[in-house]
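The values are calculated or read from the model by the stated rules, or taken from the named source; none is laboratory data. What you see is a predicted model; the values in this text were computed from it and never measured. Here Cβ is always computed from backbone atoms with ideal geometry, including for glycine, and neighbour counts include all displayed protein chains.
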Ligand code: SAH
Ligand code: SF4
Ligand code: F3S
């Protein structure tokens, strides 16, 4: 029996896909890259922007054309949570729809499924935690995700996550440590701690994320720790100083600002100002001057003037980003921003995004060029694009490739960086 998984959306979805994969392996399924030969097709969905949701329907259309007639089509993830009933109405081929807090039930839903009796929708916020029911998390690569916190209570006025992922929940430290150990025992060298507001983690057994990181760093065999995504006003000194004190914690911080205009930040219901954001960046740089800084941006939020947008451009110049993600505002059903006055025309959004991305890309290229000539540790993860190449990531999360033997995959090697583009580095292994 073969399983094909397609994942849209953020790293949390990639984590969920990994856990669903493991639980279907227990049922006897093995992986395939080909939807044509799959007996179960699982699509893990994202609802964050309109484009992300629309992709789902074209993907379902494509899969229905090529899948085996009897193959089960399962849709999981945030679209199901947001509007599972509408999804089943619109996409008749879907057999089972399961929300992000219910996927521990998937093996049972599959075993019991009977097409004649009707399709299944399970998308509630159960009292039990899915984590108590999933099989041990196995590493399938040298770098693995580990969800430590889920959900969000911030309610930014544009965002669907509080509705698709529910309220904030932090897993206890003991559970996280056990999962981290299981990952390391099965081959993980790097763990990326995940949460919608990961720095707001407040589970039992540790004071905050800073202490949790220090505890995880004690695991033998684990070589790198990362965490994402952080919310600016929840950043603590204990997390910042971990970047000075914990060698395994990588010099990289993803800290979304969204906008450089205080007026727009307020309308977005983001609980910080540009000045406070800059102060946090300075505190990171004081303890770790080389830290790579990354962010998310939204352009064309309702009411955003040219002057507001220029404040975003200005803060980008002040910070100097190593990497970034930037988006046009997308009006999402049910969010306050979707019905605000002064929606920005698509053409203006496009212009602003182009201008912002040109600056961000130039900064990213400069950041990469600045590492040419240095020798960096690279965790090799996968085959490179060209024959004979293998590639992985530097401490600053730059993609880097070398010519080398596949046997090096999963190892950290010293690499002298010899070339850089905006998106990747090339180098030679230093013995
Ligand atoms: N919790 C994280 C972000 C999660 S969503 C944080 O607060 O920073 C990932 C990114 O998608 C956001 O940072 C934001 O830049 C973008 N995003 C979310 N909703 C959006 C919308 N309605 N339109 C455009 N971009 C959006
Ligand atoms: Fe969405 Fe804001 Fe929560 Fe991030 S902090 S997930 S943008 S509501
Ligand atoms: Fe998308 Fe859900 Fe992640 S909406 S961005 S998959 S939390």
TODO: Within segment 230-250, work out how many residues are surrounded by fewer than 19 Cβ atoms within 10 Å (Cβ to Cβ) and either not in a helix (DSSP H, G or I) or not assigned by TED's automatic domain parsing to the domain that holds residue 316 (or both).
DONE: 4
- [ ] Please work out if residue 321 is free of Cβ contacts under 8 Å to residues at least 60 places away in the same chain, away from ligand 1 (no atom under 13 Å from the Cβ) and in a loop (DSSP other than H, G, I, E, B).
- [x] yes
Open item on the list: Can you find a residue that is within 16 Å of ligand 3 (Cβ to nearest atom) and either under 30 Å from residue 406 (Cβ atoms) or exposed (fewer than 15 other Cβ atoms within 10 Å of the Cβ) (or both) anywhere in segment 174-181?
Closed with: no
Open item on the list: For segment 58-82: of the residues being more than 26 Å from residue 166 (Cβ to Cβ) and in a helix (DSSP H, G or I), which is nearest to ligand 2 (Cβ to nearest atom)?
Closed with: 58
Task: residue 112, sole failed condition from (1) under 24 Å from the mean Cα position of the chain (by Cα); (2) surrounded by fewer than 16 Cβ atoms within 10 Å (Cβ to Cβ); (3) farther than 30 Å from residue 327 by Cβ - done: (1)
Open item on the list: Among the residues that make up segment 362-377, is at least one of them assigned by TED's automatic domain parsing to the domain that holds residue 189 and touching a helix residue (DSSP H, G or I) at 6+ places or on another chain (Cβ under 9 Å)?
Closed with: yes
- [ ] Could you grab me the full set of residues in segment 322-340 that are closer than 30 Å to residue 79 by Cβ, away from ligand 2 (no atom under 16 Å from the Cβ) and either touching a strand residue (DSSP E or B) at 6+ places or on another chain (Cβ under 7 Å) or at pLDDT below 95 (or both)?
- [x] 323
TODO: Can you tell me which residue among 231, 252 is in contact with a strand residue (DSSP E or B) (Cβ under 8 Å, 6 or more places away or on another chain) and within 16 Å of ligand 1 (Cβ to nearest atom)?
DONE: 252
TODO: Filter segment 22-31 down to residues that are within 23 Å of the chain's Cα centre (by Cα) and surrounded by fewer than 18 Cβ atoms within 10 Å (Cβ to Cβ) and give me whichever is nearest to ligand 3 (Cβ to nearest atom).
DONE: 22
Open item on the list: Can you confirm whether residue 76 is touching a residue at least 24 places away in the same chain (Cβ under 8 Å), within 16 Å of ligand 3 (Cβ to nearest atom) and over 20 Å from the mean Cα position of the chain (by Cα)?
Closed with: no
TODO: Quickly run through segment 393-431 and pick out the residues that are touching a residue at least 60 places away in the same chain (Cβ under 8 Å) and part of a strand (DSSP E or B).
DONE: 393, 412
- [ ] Answer yes or no as to whether residue 357 is modelled with pLDDT of 95 or more and touching a helix residue (DSSP H, G or I) at 6+ places or on another chain (Cβ under 9 Å).
- [x] no
Task: Positions within segment 292-310 being without any contact (Cβ under 8 Å) to a residue 60 or more places away in the chain, in contact with a helix residue (DSSP H, G or I) (Cβ under 7 Å, 6 or more places away or on another chain) and either surrounded by fewer than 20 Cβ atoms within 10 Å (Cβ to Cβ) or part of a loop (DSSP other than H, G, I, E, B) (or both), in sequence order - done: 300, 302, 303, 304
TODO: Count, please, the residues in segment 1-21 that happen to be part of a helix (DSSP H, G or I) and within 13 Å of ligand 3 (Cβ to nearest atom).
DONE: 7
Open item on the list: Every residue in segment 264-279 that is in contact with a helix residue (DSSP H, G or I) (Cβ under 6 Å, 6 or more places away or on another chain) and either farther than 25 Å from residue 337 by Cα or not in a loop (DSSP other than H, G, I, E, B) (or both), please.
Closed with: 264, 274, 277
Task: The listed residue being closer than 30 Å to residue 304 by Cβ and buried (at least 17 other Cβ atoms within 10 Å of the Cβ), out of 323, 391, 347, 338 - done: 323
- [ ] Considering each of 125, 133 in turn, give the residue that is closer than 30 Å to residue 222 by Cα and surrounded by fewer than 18 Cβ atoms within 10 Å (Cβ to Cβ).
- [x] 133
Task: Of all residues making up segment 9-18, the number that are under 18 Å from residue 138 (Cβ atoms) and touching a helix residue (DSSP H, G or I) at 6+ places or on another chain (Cβ under 7 Å) - done: 1
Task: Residue in segment 258-274 that is farthest from ligand 3 (Cβ to nearest atom), counting only those that are in contact (Cβ under 8 Å) with a residue 60 or more places away in the chain and closer than 13 Å to residue 231 by Cα - done: 271
Open item on the list: Residue under question is residue 41, and the condition is that it be crowded, with 16+ Cβ neighbours inside 10 Å and in a strand (DSSP E or B); does it hold?
Closed with: yes
